[in-house]
Structures are given as C-alpha cells and as structure tokens.
Amino acid sequence: MLKEVQLQALTDKIKHDLQILAKDGYPYEICGLLHPHGILHQYPNTFCGDQRHGFDMEIDLPDSHIVAIWHSHPGGTEKPSSDDQECMQHLLDHGFDFPWIIVTDRSVTVWKL
C-alpha cells in the first residue's frame, strides 16, 4: 500500500535544492539519488519515450549508500504515478526498499510501498 512518509535525511535545504534542479530541468523529468550527508546526484534521464512524462536512469542498485530515489513531476502531482508505483514494486520484489522522493513546483514528498 502506497503511503507518504517522513525522511529525516530530507532537510529543507535538500528540498530547496531539488526544486531548483526540477525548475532547471523543466519541462522534462529529472532524476537521481539522495546519498548520505545530503549529497544529491543527478543522473541523465535515459527514458526513450517523452521525457516530460517519464524517466529511466542507469544506476548501480547494490550501492549501499542510496538513501532515496528522486525524480520530478513537471506540472504534475506529488504522488507517484502508476508507472512509478509499478517500478517501486519491481524494486521491492528484488529486495530494494528505497523511499521515492517526488519533486513538483509546489512540494517535495516522500513515498514508500
């Protein structure tokens, strides 16, 4: 079941930085990882469809330093899309229970299944 959660590592500064990145990437979805100590890493969006409505990124999932996965919803909602939830479930089924941070122009929210 999808639920909004709190993430202690997600400080006001990180939220602000994520919203700036999302604004700079508009109208395309941008994506990346949050690492410990507030380190944001942005990855190229390799989605082969319309990057205004989807994202893919090449990452090394066994990296134990991943705090959360983040991406933007330009002009969209703060809730994970059905595609996001499908991907979250796929990762969970393979033992990767990362929170997902969704960045919009209005908010930065964190979600888990």
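From the list GLN89, GLN42, the one residue that fits, being closer than 17 Å to LEU21 by Cα and without any contact (Cβ under 8 Å) to a residue 40 or more places away in the chain, is GLN42. A residue that is under 20 Å from LEU113 (Cα atoms) and surrounded by 11 or more Cβ atoms within 10 Å (Cβ to Cβ) cannot be found anywhere in segment 11-18.
Restricting attention to segment 26-46 and to residues that are in a strand (DSSP E or B) and of a type in the set (A, V, I, L, M), the residue that is surrounded by the fewest Cβ atoms within 10 Å (Cβ to Cβ) turns out to be ILE39. Considering only residues in segment 98-113 that are charged (D, E, K, R) and more than 13 Å from the chain's Cα centre (by Cα), the one that is surrounded by the fewest Cβ atoms within 10 Å (Cβ to Cβ) turns out to be ARG106. With respect to (1) of a type outside the set (Phe, Trp, Tyr); (2) in contact (Cβ under 8 Å) with a residue 40 or more places away in the chain; (3) surrounded by 12 or more Cβ atoms within 10 Å (Cβ to Cβ); (4) over 26 Å from MET1 (Cβ atoms), the lone exception for GLY75 is condition (3).
One line per residue, one yes/no per condition, for (1) farther than 13 Å from VAL108 by Cα; (2) at pLDDT below 95; (3) within 13 Å of the chain's Cα centre (by Cα):
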site	(1), (2), (3)
VAL5	no, no, no
ASP12	no, no, no
LYS15	no, no, yes
ASP24	yes, no, no
HIS37	yes, yes, no
LEU61	yes, yes, no
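Per the conditions (1) modelled with pLDDT of 95 or more; (2) surrounded by 17 or more Cβ atoms within 10 Å (Cβ to Cβ); (3) under 20 Å from GLN85 (Cβ atoms), the sole criterion not satisfied by PHE55 is (1). Before we move on, is PRO80 more than 12 Å from the chain's Cα centre (by Cα), buried (at least 16 other Cβ atoms within 10 Å of the Cβ) and not in a helix (DSSP H, G or I)? Spelling it out, it is not the case that PRO80 is more than 12 Å from the chain's Cα centre (by Cα), buried (at least 16 other Cβ atoms within 10 Å of the Cβ) and not in a helix (DSSP H, G or I).
For beta carbons closer than 9 Å, sequence separation of 6+ or different chains, a first residue in segment 1-13 that is under 17 Å from HIS71 (Cα atoms) and a second that is of a type in the set (Asp, Glu), the qualifying pairs are GLU4/GLU78.
The values are calculated or read from the model by the stated rules, or taken from the named source; none is laboratory data. Fair warning: this is a prediction, and the values are worked out from it, not measured in the lab. A quick note on method: Cβ atoms are made from the backbone with ideal geometry, for glycine too, and the neighbour counts reach across all protein chains shown.
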